[in-house]
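The values are calculated or read from the model by the stated rules, or taken from the named source; none is laboratory data. What you see is a predicted model; the values in this text were computed from it and never measured. Because the Cβ atoms are built from the backbone with ideal geometry, glycine has one as well, and the counts that use them run over all protein chains shown.
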Amino acid sequence: MCKKSILFGLFLLLISNCFSQNQVPGKQEVDYVNPLIGTAATGFAKGLDGGGTMPSVGPPFAMTNFVAQTGESKMSRMNYYYEDTSIIGFLASHQPTVWMGDYGYVSVMPQTGKLKVLPKERALSFSHKNEKSTPYYYSVILNAENNKHIKSEIAASSRCAILQFTFPASQNAHIIIQGIDLNPELKDWANDYDQRIKTLRGYVKINKEKNEITGYNPDRMSAQIGPPLPNFKGYFVIQFDKPFKSFGTWNGDTINASSVDQYGTRMGAYVDFETGKNEKVQVRIATSFISIEQARKNLEIELKGKNFNALVQSSRNEWQKNLSRIKVNGITEDQKTIFYTAMFHTMQFPREMSEHGRYYSAFDDKIHNGGSYTDFSLWDTFRALHPLLIFTEPDRINPIITAMLQMFKEGGRLPMWPNPAETNIMIGTHADDVIADAYIKGFRGFDVDLAYKAVFKDVMVPPIDDTILRYGDRDLWTGYEAEAGLTYFKKVGYVPVDKTAESVSRTIEYCIDDYSVAQFAKALRKTNDYEKLLRLSKNYKNLYDTSKGFMLPRKLNGEFDSKNEKGGWDGFTEGDYWTYAFGAMHDVPGMIDMMGGKEKFAAKLDENFKGNHYRHDNEPGHHYDYLYDYCGEPWKTQELVRKHTSENYRNNPIGINGNEDCGQMAAWYIFGVMGFYPVTPASGMYAIGAPQFPEITLNFMAGGKERVFKIVARNLSEQNKYVQKVSLDGMPLNTPFISHQQIINGHKLVFKMGAIPNYNWK
């Protein structure tokens with residue numbers, strides 16, 4: 001065995017110990033990440049979904065995720081589920097979450113024996129015992145024909161990967177490429193195969209002299225909840241380090257031996273080899289949304305001079321750099337795994353969309369110069385993920401906002417849920433909150449004037465046909481909805497249930513957006529705008545039925561609609577009246593007054609939690625734990641934060657209580673264990689909860705300076721879960737709130753914990 005092989009063997013041994021529960025000397029933050037957390041299809045309880053995560057390989061915020069594919073994906077099905085027992089390919093994927101489809105994908109699958117090309121036919125079984133998953137390296141042993149095995153490994157950069165297959169001795173070793181997968185069996189509510197097959201054609205081309213396959217895939221599984229994009233294609237270049245013995249293409253179940261190119265709706269290519277025992281075949285793959293030529297450039301830039309081991313190491317180094325921005329001490333190995341896996345999940349989205357100085361925009365279907373991001377799950381992530389990135393990824397904040405503003409220039413509106421085109425999914429224009437929050441917290445590296453113009457348009461200009469269309473969530477072939485029902489919202493003070501779908505939820509969330517833009521206006525000294533928007537932000541009160549004690553659907557004529565009180569799509573988004581009972585996160589004092597004062601508000605909160613109305617898997621309630629801070633009972637917040645951080649996050653495949661939603665669930669957890677949470681966007685304030693770890697250190701940039709902020713919880717234990725007092729750099733905090741400015745200017749936040757609530761600290 002050569003020296004390189006020995007060294008790599010030792011490296012793999014280290015990787016294999018990454019998920020051991022025993023302390024490993026010299027273990028770094030990246031070694032605690034377990035990408036298999038949340039990959040189960042099943043949830044914590046019957047009827048609940050799993051985490052919707054995938055064991056992807058690549059650096060933080062990668063344009064393309066490289067992942068073992070255990071089944072054909074679609075809207076509502078991920079590419080990888082832990083319960084599956086076979087693998088159909090190794091996929092260059094862009095699927096962000098279970099509720100959105102993949103786009104521009106391509107798959108590579110090794111095989112021996114008789115050539116089988118369709119996914120179910122080519123599937124090879126595997127055991128999780130023979131699977132290793134880290135953010136920077138993945139391997140699995142596939143069970144091939146005649147009790148032989150194929151070891152498959154992945155290392156990746158942002159747009160490229162090296163796949164390494166170790167074959168047994170075989171006269172008939174194959175590598176199958178699938179460029180597009182329009183499978184009629186995958187038809188669902190947003191995946192109309194009959195419609196898509198009329199216009200979509202994928203393409204592959206084989207170049208035997210170069211040992212290369214190129215092609216493109218125009219499929220967007222979410223296309224029917226967004227605009228048509230005639231120019232959209234996911235391009236790829238695939239290069240092999242071993243000459244082909246033979247080759248061909250396939251279309252459906254038809255195999256075309258020696259064919260060099262193929263168009264089709266469910267097709268690809270294959271190459272054949274004769275392999276010796278344990279012979280490695282490497283496949284280099286590059287992806288692009290610009291062109292095949294750009295894919296070659298991506299390959300040249302990202303993989304030049306790098307072998308497999310070097311690519312593994314460079315990705316590992318990048319992850320370690322990012323993950324080590326928060327250091328935790330005094331906790332178990334299991335807790336570290338949960339924490340750093342949560343960090344890993346917060347560094348997936350929004351994903352990079354640019355390719356070394358250029359990007360394809362799905363907002364005007366053209367190529368532009370500059371950088372870009374996409375896959376913004378803003379209805380979810382404006383709540384905690386984006387505020388967390390201000391600490392963990394400050395260098396990305398200005399580029400992310402600039403990407404949003406480019407979408408505004410190219411498509412006329414800020415993004416809501418681009419995948420990569422805007423989709424008619426979820427509600428509210430929460431890019432407004434993200435932009436305003438960043439500005440309030442000191443970020444200026446974007447076009448501020450353009451940003452204000454964009455957010456002001458969101459909250460003041462209704463969408464096309466606003467009084468004609470109901471704009472139901474996920475309506476097929478419907479234009480950009482922005483704040484649907486805004487015409488009525490401004491005229492009568494709420495969104496009427498008989499005119500626009502999800503009326504209560506929309507009203508509340510439009511008010512949140514109004515508040516954020518109002519704070520932006522105030523900071524820019526646009527006093528008239530500020531006062532007008534602040535008034536509009538109180539409109540949620542117009543839906544409060546004092547006789548029922550809830551915000552309920554209301555018709556245009558002013559009558560409350562008793563038929564829709566319990567929820568459903570007519571009144572609420574993914575919930576009912578309890579889900580949105582305390583939804584006005586921007587005006588908690590206003591909600592308290594509306595409900596009759598602090599005591600009654602606290603009693604309502606008690607009823608919410610004791611009656612099991614709160615669901616942690618649903619984002620509208622993510623701030624509810626912290627609302628006791630506002631009504632003089634912060635010890636209840638402290639109890640609930642401990643309860644929900646411990647109950648909803650585990651170190652196993654069923655490890656996230658509900659869909660991860662592009663990092664929102666993970667971000668909630670990280671704020672929860674740190675001891676503070678951003679209840680109100682663009683306010684510059686955090687509600688204090690209770691730290692769950694003895695010591696946490698944040699290393700971040702703010703104002704062009706490196707900051708170190710340490711959070712210490714003294715006397716913390718399972719019993720000592722209540723905050724007795726809090727001090728910042730030795731000065732006491734007399735209320736359960738802390739400002740962003742205090743954090744970035746401070747050095748040490750100290751909690752003194754005890755077993756009995758401190759009823760005097762309010």
Completion exercise
Within region 483-513, the residues that are assigned to a loop (DSSP other than H, G, I, E, B) and either buried (at least 24 other Cβ atoms within 10 Å of the Cβ) or touching a Leu at 6+ places or on another chain (Cβ under 8 Å) (or both) are GLU483, ALA484, GLY485, TYR494, VAL495, PRO496, VAL497, ASP498, LYS499, THR500, ALA501, GLU502
Practice task
Residue by residue through region 25-77, note down the ones that are crowded, with 20+ Cβ neighbours inside 10 Å and basic (Lys, Arg).
Solution key: LYS74
Handout entry: Within region 464-488, tally of residues that are within 23 Å of MET100 (Cβ to Cβ), touching a Ser or Thr at 6+ places or on another chain (Cβ under 9 Å) and not hydroxyl-bearing (Ser, Thr, Tyr)
Key = 8
Problem - Single unsatisfied condition, ALA438 versus (1) free of Cβ contacts under 8 Å to residues at least 24 places away in the same chain; (2) among the hydrophobic types (A, V, I, L, M, F, W, C); (3) crowded, with 24+ Cβ neighbours inside 10 Å - result: (1)
Exercise for the section: Within region 197-240, count every residue that is surrounded by fewer than 19 Cβ atoms within 10 Å (Cβ to Cβ) and within 27 Å of the chain's Cα centre (by Cα). Expected result: 4
Fill in the blank from the handout: Of the candidates ILE213, ILE180, ILE206, ILE175, the one satisfying the condition of being part of a strand (DSSP E or B) and either free of Cβ contacts under 8 Å to residues at least 12 places away in the same chain or within 27 Å of PHE363 (Cα to Cα) (or both) is ILE180
Practice task
Return the only residue of ASP395, ASP449 being surrounded by fewer than 24 Cβ atoms within 10 Å (Cβ to Cβ), over 15 Å from the mean Cα position of the chain (by Cα) and without any contact (Cβ under 8 Å) to a residue 12 or more places away in the chain.
Solution key: ASP449
Completion exercise
Picking from ASP272, ASP261, the residue that is surrounded by fewer than 17 Cβ atoms within 10 Å (Cβ to Cβ) and in contact (Cβ under 8 Å) with a residue 24 or more places away in the chain would be ASP261
Completion exercise
Expected single match for of a type outside the set (Gly, Ala, Ser) and at positive phi among ASN172, ASN183, ASN211 is ASN211
Practice task
Search region 521-567 for residues being part of a loop (DSSP other than H, G, I, E, B) and among the hydroxyl-bearing types (Ser, Thr, Tyr), and hand back the single one that is surrounded by the fewest Cβ atoms within 10 Å (Cβ to Cβ).
Solution key: SER547
Problem - Unique residue being more than 30 Å from ILE670 (Cα to Cα) and of a type in the set (S, T, N, Q) when the list is GLN294, GLN313 - result: GLN294
Problem - Those residues of region 277-304 which are surrounded by fewer than 19 Cβ atoms within 10 Å (Cβ to Cβ) and more than 27 Å from TYR373 (Cα to Cα), in sequence order - result: LYS277, ASN278, GLU279, LYS280, GLN282
Handout entry: In region 193-203, residue modelled with the lowest pLDDT [restricted to those that are touching an Asp or Glu at 6+ places or on another chain (Cβ under 9 Å) and not in a strand (DSSP E or B)]
Key = TYR193
Exercise for the section: Residue by residue through region 25-40, note down the ones that are modelled with pLDDT of 95 or more and of a type in the set (Gly, Ala, Ser). Expected result: GLY38, ALA40
Practice task
Check every one of the strands (runs of 3 or more DSSP E) wholly within region 48-124 and list those with 1 or more residues that are in contact with a helix residue (DSSP H, G or I) (Cβ under 8 Å, 6 or more places away or on another chain).
Solution key: 89-93, 106-112
Practice task
Take region 713-733 and flag every residue that is assigned to a loop (DSSP other than H, G, I, E, B) and touching an Asp or Glu at 6+ places or on another chain (Cβ under 9 Å).
Solution key: LYS721
Completion exercise
Among THR423, THR429, the single one that is crowded, with 17+ Cβ neighbours inside 10 Å and closer than 26 Å to GLN195 by Cα is THR423
Practice task
Tell me, please, whether a residue that is part of a strand (DSSP E or B), farther than 19 Å from VAL673 by Cα and assigned by TED's automatic domain parsing to the domain that holds VAL708 can be found in region 734-741.
Solution key: no
Completion exercise
Among helices (runs of 4 or more DSSP H) entirely inside region 573-665, those with 3 or more residues being closer than 30 Å to GLU333 by Cβ and in the same structural domain as THR392 (by TED's automatic domain parsing) are 634-647
Practice task
Answer with yes or no whether ALA687 is small (Gly, Ala, Ser), surrounded by 22 or more Cβ atoms within 10 Å (Cβ to Cβ) and part of a strand (DSSP E or B).
Solution key: yes
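Residues checked against (1) under 30 Å from ASN231 (Cβ atoms); (2) at pLDDT 95 or above; (3) surrounded by fewer than 22 Cβ atoms within 10 Å (Cβ to Cβ); (4) of a type outside the set (Asp, Glu):
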| residue | (1), (2), (3), (4) |
| --- | --- |
| SER125 | no, yes, yes, yes |
| GLU145 | no, no, yes, no |
| SER157 | yes, yes, no, yes |
| ILE162 | yes, yes, no, yes |
| ALA169 | no, yes, yes, yes |
| ASN183 | yes, no, yes, yes |
